[in-house]
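Read through the structure below, which is laid out as structure tokens, and then see the notes.
The values are calculated or read from the model by the stated rules, or taken from the named source; none is laboratory data. Since the structure is predicted, the reported quantities are computational estimates derived from the model, not experimental observations. Reconstructed Cβ throughout: ideal geometry from the backbone, glycine too, with neighbour counts over all protein chains shown.
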Amino acid sequence: MKEDYYILFDNYLNKELSASEIISFEEKLNTDADFNQEFEIYKALETSLASKFENEEAEKELKNTLSKLGSKYIKPENSIKKKGKIISLFSNKKFMVAASIALLIGFFLFNNGDPVYSDFSNHNALELVVRGDNNEAIIKAQDAFNSKNYKEALQQLTVLSETNSNDTEIELYKGICYLELNVYVESDVIFDAISSGNSAFANTASWYKALSMLKQEQFEACKYVLKTIPESAAEYKQAQKLLKKL
Amino acid sequence: MIQKPHEDHIYIEALLKNDSRVLSKIYEKFSHKIVSYVRNNNGNSDDAQDIIQETLVTIYHQAKEKNFILTCPFDAYFYLLCKRRWLNELKKRGNNRVTILDDTTSITEEQEQQVEETEIFEKQSQLFESKFKELGAKCQELLKTTFKIKSMEKVAEILGVTYGYARKKKSQCMGKLTQLVKDSNEFHQLKAY
């Protein structure tokens, strides 16, 4: 019986029913909910499948166009990362300013006596937002870090690092927080890991490892680490300055 | 009801016409935001490219089949669609750790409605397609041929059967498909809209 329904649906949609047949068909649509529902599905299937199969070729062509445009306008990861990360945090200009401030402070403060950590612990501002997002955790982390609230910053950075497990920059700043909070066990593990890698932050991590040694008053170890910082590194001048004081 | 198209409807027309000049504007103007969103939420730029393309293809089909008219700005409509598609994708991958909060882009009721329309359209198409694949090979072939070649006489000729038999078979296969759709859970969820 159902089979007859479907033949009827097909005939109705193809406008092959007689006037009287149409009237009784439409009456059934109005009175029989099940009949009506099946007709609606049948009709929707017809439209959907017809459109899908008719446009298969056109869809392929459209996808071709979109793929081309996609690769043209959406740049792959590595190129974005290089630009975004290195420039955002260690743009030369910014770094030079920070470095010269550190040098000046050094010059005025440690003409006498042993150098101390606070004289060199002039951290670059955390600027993760430059990457173009509005993550609340990022903003909180950044605000906390830049206002020297290292406990809060550490919490937020830990949240961030759970979802960005390979983000060296976040790791580095976590290390700095631990260092500020005197949790050397944690900070040194982080600095060691980054400085032995080949990320853009390797030398910075070495510099911080040296600062950690300085803060722990392990001057020989500090000297040793400082000597590993190559001349090409942005931290080289600072490192040399500290070495002279030790 | 006659809907007045928004001026951004040009993008929908560009999809229908495969007009790469206008389509390139979509990528130029709107892709950046979506790429950032995906990258900040456990995705990479390849993911973003897929999300954008799938969304555009869906809009294309909706426009083709349902004469979809865009009545709101394309930007927010498109961004929201891509965003929700990416969140769905993350769910599929079993990754529920989405850190990003909803950004403050304000959405009007009309935009929300258009987004939902597109999403329901897609869900329905996907349901139909998956049920179609559950049909036997013979039914699939017959229906495919029927929809590609409009004339049932020709279909009968190609398949080497009589016209009457082809007609009867076609409605039988369609009937089977109707039943499959009707009995599916997804259909009942869609009906709830």
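Would you check if A:L104 is of a type outside the set (S, T, N, Q), at pLDDT below 65, buried (at least 16 other Cβ atoms within 10 Å of the Cβ) and not in a loop (DSSP other than H, G, I, E, B)?
Considered against the rule, which asks whether it is of a type outside the set (S, T, N, Q), at pLDDT below 65, buried (at least 16 other Cβ atoms within 10 Å of the Cβ) and not in a loop (DSSP other than H, G, I, E, B), A:L104 comes out as no.
Filter segment A:208-218 down to residues that are surrounded by fewer than 24 Cβ atoms within 10 Å (Cβ to Cβ) and free of Cβ contacts under 8 Å to residues at least 40 places away in the same chain and give me whichever is nearest to A:P115 (Cα to Cα).
Only one residue tops the list, namely A:E217.
Would you check which residues across segment A:1-28 are outside any loop (DSSP other than H, G, I, E, B) and either polar (S, T, N, Q) or at the interface with chain B (Cβ under 8 Å from one of its Cβ atoms) (or both) and list them?
Result: A:K2, A:E3, A:Y5, A:Y6, A:I7, A:F9, A:D10, A:N11, A:S20, A:S24.
For segment B:122-193, which fully contained helices (runs of 4 or more DSSP H) count at least 3 residues that are buried (at least 16 other Cβ atoms within 10 Å of the Cβ) and modelled with pLDDT of 95 or more?
It comes to B:163-182.
Which of (1) more than 10 Å from every other protein chain (Cβ to nearest Cβ); (2) closer than 23 Å to A:I138 by Cβ; (3) not hydroxyl-bearing (S, T, Y) does B:C72 not meet, given it meets every other one?
Here B:C72 clears every test but (2).
Quick one: in segment B:1-33, which of the residues that are more than 18 Å from A:K72 (Cα to Cα) and outside any helix (DSSP H, G or I) is nearest to the other protein chains (Cβ to nearest Cβ)?
Residue satisfying both the conditions and the ranking: B:D8.
Given the condition more than 10 Å from every other protein chain (Cβ to nearest Cβ), among the polar types (S, T, N, Q) and assigned to a helix (DSSP H, G or I), answer yes or no: does some residue in segment B:56-64 qualify?
yes
Would you check which residues across segment B:38-51 are touching a helix residue (DSSP H, G or I) at 6+ places or on another chain (Cβ under 6 Å) and in a helix (DSSP H, G or I) and list them? Lay out the reasoning, then the answer.
First, the residues of segment B:38-51 that are touching a helix residue (DSSP H, G or I) at 6+ places or on another chain (Cβ under 6 Å): B:38, B:44-45, B:47-49, B:51.
Within segment B:38-51, B:V38, B:S45, B:D47, B:A48, B:Q49, B:I51 qualify.
Checking the conditions here, which among A:K82, A:K72 is farther than 30 Å from B:T58 by Cβ, assigned to a helix (DSSP H, G or I) and at pLDDT below 95?
Of the residues listed, the single one that is farther than 30 Å from B:T58 by Cβ, assigned to a helix (DSSP H, G or I) and at pLDDT below 95 is A:K82.
Within segment B:37-46, restricting attention to residues that are of a type outside the set (A, V, I, L, M) and buried (at least 19 other Cβ atoms within 10 Å of the Cβ), which residue is nearest to A:K68 (Cα to Cα)? Before you say what the answer is, go through the steps one by one.
Step one: list which residues in segment B:37-46 are of a type outside the set (A, V, I, L, M), which gives B:37, B:39-46.
Then keep just the ones that are buried (at least 19 other Cβ atoms within 10 Å of the Cβ); that gives B:37, B:39-41, B:43, B:45.
Details: B:Y37: 21, B:R39: 20, B:N40: 24, B:N41: 25, B:G43: 20, B:S45: 14 Å.
The qualifying residue nearest to A:K68 (Cα to Cα) is B:S45.
Which of the residues spanning segment B:143-178 are within 13 Å of B:F132 (Cβ to Cβ) and out of contact with any Phe, Trp or Tyr (no Cβ under 8 Å at 6 or more places or on another chain)?
Correct list: B:T146, B:C173, B:K176.
Before we move on, is A:A58 farther than 23 Å from B:C139 by Cα, under 54 Å from the mean Cα position of the chain (by Cα), at the interface with chain B (Cβ under 10 Å from one of its Cβ atoms) and not in a loop (DSSP other than H, G, I, E, B)?
yes
Hey, does segment A:167-178 have a residue that's at positive phi, without any contact (Cβ under 8 Å) to a residue 12 or more places away in the chain and surrounded by fewer than 22 Cβ atoms within 10 Å (Cβ to Cβ)?
Taking every residue of segment A:167-178 in turn, none turns out to be at positive phi, without any contact (Cβ under 8 Å) to a residue 12 or more places away in the chain and surrounded by fewer than 22 Cβ atoms within 10 Å (Cβ to Cβ).
Looking at B:L127, B:L142, B:L177, B:L190, which one is within 9 Å of chain A (Cβ to nearest Cβ) and aliphatic (A, V, I, L, M)?
After ruling out the rest, the residue left standing is B:L177.
So, in segment A:29-38, exactly how many residues are assigned to a helix (DSSP H, G or I) and more than 14 Å from chain B (Cβ to nearest Cβ)?
Of the residues in that region, 3 qualify.
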